[in-house]
Amino acid sequence: MNIENELKSDFLLTHKSFAAKSLSWLNKHLDSFSPTRNNNLCLDGVKAFSELSLLYTYLKKRNHLEFEAEISNWQSFFENHLKNKLYAEAVRKRPKEAYHMMFPYLQLRSTGYKSGYYEESHQYMINWGHYDSIELVPFRKMDLEYFLWKSDLQGEPDWIKHFPSTILGRFQSTITLDESAAYSITHTLFYMTDFGNRSLSLSQSDIDEIANVLEALLIHYWRVGHYDLMGELLINLTFLEKNNTYLYRNARNAFLNAWNEDGSIPAMKNKRNESEQSEFSFCYHTTLVGVLLCAVEINKTLQKEASK
Amino acid sequence: MKNISEVIIHVERWIKSLEVPEQNRALCELGLLFIESIHKKEMLLTVEKADDVHKILKSPIDLINYNREEIIELAQQVGNSNVETWNVDREEINNWNQFLGGIALSYASKGDLSVVASLIRISAELNLHGRWIVEATDFLLDQQQPEGYFGLYFKETSILNKDQEVIFLLRLTVDILWALAVQNRKLIK
C-alpha cells in the first residue's frame, strides 16, 4: 500500500469509527427522538424526529457508506411513529403545523416509502392552500421547495431566482451575521448543493467568495466553541471541495476532539446548564451533524477515488 | 470607509482638549506621538526589539485558544520582538493572515475594540494586510465618536466617575492609534 492509500484508508477508518460511535449513541437514545410523549404530541419531539429523518435519508440513499447495520432499526422506528394515529392524524388536525408533521414522511418518501394516508393528507394541505398561506424567510422557502422536490412532489426549485434573496446572496460583511444568519447560510448551501450531490451553479469566483465567508464564520464559531455551527460549516466546505486547507484540517480535528467518549457531541464548548436542558437536547443535533460530516467526508473521498 | 486623515484630525483635537491628571499626561503624549507617526507615515516610538519572534509566534491555531488578555499580551510581545527575522514560507504567511484577520472579525462582531486593535497591530508588525484585517480596520475606524475618541457605550464606564471614564477612553483610543500607527508605517514600505 502506498502512502496516499494508507492515509486515505486511515482517514476513512477514523471517520467511520467516529460516525459508528455516534450512531451507537443515537441508537441508545432512539426513543428520545419520538415525536410523542405520554401519548401527546410534543413539538420538540417532532423537531428531533424530523432531524433524525434527514440523516436517515442521507445514509439510506448512500449504501456504499456501509452504515446499514447501524441504522437497521430506524426504518421501523419511523414507520411505527408515522403509522401511529396520534401522529398521522395531526397533519389534518393541526393545519398550522401540518408541514412540520409531514416533513419526516417527505424524507421517507424520497427513499421510496409511500403511505396512502399521508398522500391524501398532502392533498388536503394543497386543497387548504397551505403552501400559499405561509410566509417564509428566503432560505426557509428554499428548504420547503427543496424537500418537496426531493420527495418527488414538485419540480426542482429555481435556485438562481431564490439565491439573491437569501442572506448568503446579499450580505456585505461577516461581522453583521448572527447565529441565525449563519444557519441560514449553512442551510442555503445544503439545498443548493443537494447535500453535496452537485456543484453550486454559480461562477467560480462566487464560489470562492462563499468559501471565504464560510471560513470567516468557521474561525468565529471555532473560537467561541459553537460545535453545532462548526460542524455545519465543515460540511459546507466539503460540499464546495474546500476541505483540504490548513484551516479546515485543524478545525475538523478540533471538532473531532469535541466528541464525547459515548459518541455524543455537545452543541457548545461551555457546559450546558443541567437544570434547564437535558443531556439529550444539548447533544442530539450536533451528534446528527457530526455523523453527517463523517458520512459526507467518506462519500467525497470515495467519489474522488471512483473518478480516478 | 472613513478616511484615516480625517479620523486622526478628530482624535488629535480630542486628546489636545483633555485635562487629565499629571500621571496620565504621558498617555496623552503617547497618543499624540502615534498621531504624528500616522501623519508622517513613520513610527516615531522606538522600542527595543530584542525578543525572538519565532518563540512568540508558534502556531496560528494558538490564536483560537487565547483569551482576550492573552491576545493583547501577544501584541505587546510581538511589538517587542525582532519581526524582521520572521522568516516563514508563503503558505504559513497565508495561514497567519487568515487566522489574525478571522479572529479580528470575530472580536469585531462582539464589539471588543481592544482585541481588534491588538490583532491589527500584530498583523501590521508582521507586514500582513489580508482582506479581513482591512475589514476589521474599517470597522475600528467606524467606532469613532464625533468628539474624536474611539469606543461606543461601555458598561465599564457606567460605574466610573467622569475623570476615570476619560482615562478609560483615552487608553482605548491610544491602543487603537498604536495599531493604526504601525499599520500606516508598514503600508508605505
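The values are calculated or read from the model by the stated rules, or taken from the named source; none is laboratory data. Because the structure is predicted, anything quoted here is derived from the model rather than measured. Reconstructed Cβ throughout: ideal geometry from the backbone, glycine too, with neighbour counts over all protein chains shown.
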Just need a number here: residues in region B:1-49 that are closer than 15 Å to B:L172 by Cα, among the charged types (D, E, K, R) and not in a helix (DSSP H, G or I).
0
Residues of region B:50-69 classified as among the charged types (D, E, K, R), closer than 19 Å to B:D89 by Cα and in a helix (DSSP H, G or I), total
2
Extreme residue, nearest to the other protein chains (Cβ to nearest Cβ), among residues of region B:133-150 that are in contact with a strand residue (DSSP E or B) (Cβ under 9 Å, 6 or more places away or on another chain) and among the hydrophobic types (A, V, I, L, M, F, W, C)
B:L140
Of residues in region A:170-195 being small (G, A, S) and touching a residue at least 24 places away in the same chain (Cβ under 8 Å), the one farthest from A:Y227 (Cα to Cα)
A:S184
Kindly check whether there is at least one residue in region A:171-191 that is outside any helix (DSSP H, G or I), over 26 Å from A:S133 (Cα atoms), within 14 Å of another protein chain (Cβ to nearest Cβ) and among the small types (G, A, S).
yes
May I ask you to verify whether B:A50 is more than 14 Å from chain A (Cβ to nearest Cβ) and over 30 Å from A:A258 (Cβ atoms)?
yes
Filtering region A:4-49 down to residues that are hydroxyl-bearing (S, T, Y) and either touching a His at 6+ places or on another chain (Cβ under 6 Å) or in a helix (DSSP H, G or I) (or both) yields A:S9, A:T14, A:S17, A:S22, A:S24, A:S32
Is it true that some residue in region A:196-204 is in contact (Cβ under 8 Å) with a residue 60 or more places away in the chain, under 24 Å from A:W149 (Cβ atoms) and either away from chain B (no Cβ under 14 Å) or assigned to a helix (DSSP H, G or I) (or both)?
yes
Quick one: which of B:S118, B:S114 is among the polar types (S, T, N, Q) and in contact with an Asp or Glu (Cβ under 7 Å, 6 or more places away or on another chain)?
B:S114
Taking region A:32-60 as the search range and keeping residues that are modelled with pLDDT of 95 or more and charged (D, E, K, R), which one is nearest to A:E305 (Cα to Cα)?
A:K60
Complete set of residues in region B:97-132 that are surrounded by 19 or more Cβ atoms within 10 Å (Cβ to Cβ), touching a Ser or Thr at 6+ places or on another chain (Cβ under 8 Å), more than 9 Å from chain A (Cβ to nearest Cβ) and over 18 Å from B:F34 (Cβ atoms):
B:N97, B:L100, B:A104, B:G130
Are any of the residues in region A:152-164 among the aliphatic types (A, V, I, L, M) and buried (at least 20 other Cβ atoms within 10 Å of the Cβ)?
no
